[in-house]
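The values are calculated or read from the model by the stated rules, or taken from the named source; none is laboratory data. Because the structure is a prediction, the values reported are computed rather than measured. Cβ placement follows ideal geometry from the backbone for every residue including glycine, while neighbour counts extend to all protein chains displayed.
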Amino acid sequence: MTVFNKFVQSLFPGEAVILSRYDGLVDVEKKLILQQVIEHAGNMNADFKSDPSIDKRKYSFIKDWCNQKLSTHDVDIRLSQLMKLEENILLDRIEPNQEKEFFHILKVLKPDDYNFVKYYEISRLFRHYLQIRFRRKETDLVVDFLEKYRYEYEVGRQLNDKIHQATKDILHYYSKKKDFNTEWTDMLSSIFFNESNDGATRILAWIRLVFIANSSNDYSFLKPHFELFEAKLADCTFYSRRIMANFYSQFLLFYANMHDFDKAVYYGKLSIKLKNNDYLYYSNNLVAVLLKNKKAAEGLEHLKYTSSLALDSTNFHNKLTHVSYYIRALTDIGKPSQADSRGFVFYNVHKKEIFHYRWHLFFTAWCRAMIFSGKFNNIIKLFRSYPRLIKDETDQIYNQGTFPILAFILEIALYKAGNHDISICKKNIAALHQRTNSTLSDDAIEMGKVALGKEWEACLPK
């Protein structure tokens, strides 16, 4: 039963919704097993208990039955089949059963199908294959499809180009820390909500909208988008395990932004049910929420589990995020010296790469560990080696109302190392507060209390 239990544990709640719509089983015991599977997939805290009195072959049947039903709707499986078909057409080895299935699909395919654009492009390719072989009947079928939906295909291509141009602008504004243009959100939203567009194009728009929300730290405008997306997963318009896992990961970010950390953790744990190329990214997002929710020990377990993935990852953004959270988690569980050592090693190995990615996250986590372990002179030495840290932080938080945590850490370190007295420390911290018109972050308050003790009250901005 180990194989069956693993299968049940791997299912998403959204897949349970899909399976619950089927009602074709006659056998009472099979129906009971399916009901248990659906209930367990919808509740991660429920333990699946098999009935030893039921024939194990019925459990195996239900597993295969569920996989078959879900595979029928999986847009990624269809895309994989299309890619194989394209290869076989190009290599002149298309099989009769592939032809038959493709022709059947063309007769019923609509422009709102998730993979419509790919179907259209393969149809253009297939037309050449058929024409030269005097396959007139089949050629007419393909040509009729191409002519019928030429306009919709051209619209799809134009939308793809518009999304590409918007992405260039969005990334440019993101790199310059400028406010995003609302025209982009309006345009991308119109693409996403338009039911006549193909699913792949709609999700391209969705991904950009989520990026804007995450970068601007405002998910409030995306509530109707999330509701529609969830509905489209349930009716299988957008369904695949890859897309569902990504959706749950985005739901984590949505609820974290709303400060509903329990729901964020719930969806984060759902997102890591699937191990794919984005697993490290999803796990990092979950750890971020666990750390915010004061569950560092649990977060550290996830970080340990993904350590080998982070080590081998070619995505330095994910690698840097992982080590930053690892440093923070170690500090939070009372091991700041270990955290400092991990930061020191990573820094010396990746000095050049750090500044091209989430350098502020890394240096904040590492310097925080040094504050907690009393390595004040090491902090000063680091900032003297890289005076640009303070300037870059100032540029990054300009007009964002964010407290300059690195500049704050340096002021604490300078005082604790004896470079200036408490009055200067207080004056400089107040200046940081006034210059950015921001409130002290929770991190700043915590570090102030740890490093300064009773003197911290004197440094609090009035």
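For this structure, a couple of remarks:
- Identity of the residue in the stretch 251-261, over 19 Å from G14 (Cβ atoms) and in contact (Cβ under 8 Å) with a residue 12 or more places away in the chain, that ends up surrounded by the fewest Cβ atoms within 10 Å (Cβ to Cβ): M258
- Of the residues making up the stretch 312-368, those that are more than 22 Å from F408 (Cβ to Cβ) and outside any helix (DSSP H, G or I) are S313, T314, N315, I333, G334, K335, H350, H356, Y357.
- The listed residues are F226, F192, and the only one of them that is aromatic (F, W, Y), part of a helix (DSSP H, G or I), in contact with a Leu (Cβ under 8 Å, 6 or more places away or on another chain) and modelled with pLDDT of 90 or more turns out to be F192.
- For the stretch 93-121, a tally of residues being under 17 Å from D144 (Cβ atoms) and surrounded by fewer than 12 Cβ atoms within 10 Å (Cβ to Cβ) returns 4.
- All of (1) surrounded by 15 or more Cβ atoms within 10 Å (Cβ to Cβ); (2) touching a residue at least 24 places away in the same chain (Cβ under 8 Å) hold for L90 with one exception: (1).
- Test: residue in the stretch 178-186 that is outside any helix (DSSP H, G or I), in contact (Cβ under 8 Å) with a residue 60 or more places away in the chain, surrounded by fewer than 17 Cβ atoms within 10 Å (Cβ to Cβ) and among the charged types (D, E, K, R): no
- Residues in the stretch 212-236 that are within 27 Å of T72 (Cβ to Cβ) and within 17 Å of the chain's Cα centre (by Cα): H225, F226, F229, E230, L233.
Yes/no per residue for (1) among the hydrophobic types (A, V, I, L, M, F, W, C); (2) under 29 Å from L209 (Cβ atoms); (3) in a helix (DSSP H, G or I):
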{"residue": "V117", "(1), (2), (3)": "yes, yes, yes"}
{"residue": "E121", "(1), (2), (3)": "no, yes, yes"}
{"residue": "R124", "(1), (2), (3)": "no, no, yes"}
{"residue": "K137", "(1), (2), (3)": "no, no, yes"}
{"residue": "E154", "(1), (2), (3)": "no, yes, yes"}
{"residue": "I163", "(1), (2), (3)": "yes, yes, yes"}
{"residue": "D169", "(1), (2), (3)": "no, yes, yes"}
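- Just one of the numbered conditions (1) closer than 24 Å to K118 by Cα; (2) modelled with pLDDT under 95 is not true of S215: (1).
- Matching residues in the stretch 4-22 - criterion: being small (G, A, S) and farther than 14 Å from L270 by Cβ: S20
- Residue satisfying condition, being within 18 Å of L320 (Cβ to Cβ) and either surrounded by 14 or more Cβ atoms within 10 Å (Cβ to Cβ) or in contact (Cβ under 8 Å) with a residue 40 or more places away in the chain (or both), within set F355, F376, F383: F355
- I170 vs. criteria of a type in the set (V, I, T) and under 30 Å from L125 (Cβ atoms): no
- The set of residues in the stretch 50-108 being closer than 27 Å to L233 by Cβ and over 35 Å from the mean Cα position of the chain (by Cα) consists of H104, K107.
- Test: residue in the stretch 392-402 that is in contact with a Phe, Trp or Tyr (Cβ under 7 Å, 6 or more places away or on another chain), in a loop (DSSP other than H, G, I, E, B) and not aromatic (F, W, Y): no
- On inspection, I62 fails the criterion of being in contact with a helix residue (DSSP H, G or I) (Cβ under 7 Å, 6 or more places away or on another chain), under 22 Å from A200 (Cα atoms) and assigned to a helix (DSSP H, G or I).
- Condition met for I203 (within 12 Å of G14 (Cβ to Cβ), touching a residue at least 12 places away in the same chain (Cβ under 8 Å) and of a type in the set (V, I, T)): no
- Residue in the stretch 435-454 that is farthest from the chain's Cα centre (by Cα), counting only those that are surrounded by fewer than 15 Cβ atoms within 10 Å (Cβ to Cβ) and over 14 Å from I405 (Cα atoms): K454
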